[in-house]
Amino acid sequence: TQAAVAPAPVNDLSSSSRLSAREAQILRCLMQGSSNKLIARDLGVAEATVKVHIKTILRKVKVANRTQAAMWAQQNLTASAQP
């Protein structure tokens with residue numbers, strides 16, 4: 001027989017480990033309230049590239065919008081990925 005497995009904690013970091021370095025960087029910008037245009041300028045990429053990264057982030061961390069992504073990052077990203 002198999003032992004029961006405890007449910008993962010709400011702030012499970014498995015999602016953050018699947019984020020690329022660029023995605024984590026963009027999430028940090030979202031936490032600061034930066035617009036896509038400002039993020040693009042700061043990172044030296046096209047605004048469309050930022051939009052694609054944000055869509056990928058939303059999918060990976062299973063949230064519906066950038067505000068929820070920033071809240072998720074506040075709870076999960078800062079705990080594991082601070083330099």
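What the table shows:
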| quantity | calculated |
| --- | --- |
| Filtered residue count, the stretch 63-80, keeping only those that are free of Cβ contacts under 8 Å to residues at least 60 places away in the same chain, open to solvent by 30 Å² or more (accessible area, probe 1.4 Å) and in a helix (DSSP H, G or I) | 7 |
| The stretch 37-62, residues that are of a type outside the set (Asp, Glu), open to solvent by 70 Å² or more (accessible area, probe 1.4 Å) and part of a helix (DSSP H, G or I) | Lys37, Arg41, Lys51, Val52, Lys55, Arg59 |
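The values are calculated or read from the model by the stated rules, or taken from the named source; none is laboratory data. Please read all numbers here as calculations on a predicted model, not as lab measurements. Positions of Cβ are backbone-derived with ideal geometry, glycine not excepted, and every protein chain shown enters the neighbour counts. Accessible surface is based on the protein model in full, side chains and every heavy atom, while ligands, DNA and RNA are left aside. Shrake-Rupley method; radii C 1.70, N 1.55, O 1.52, S 1.80 Å.
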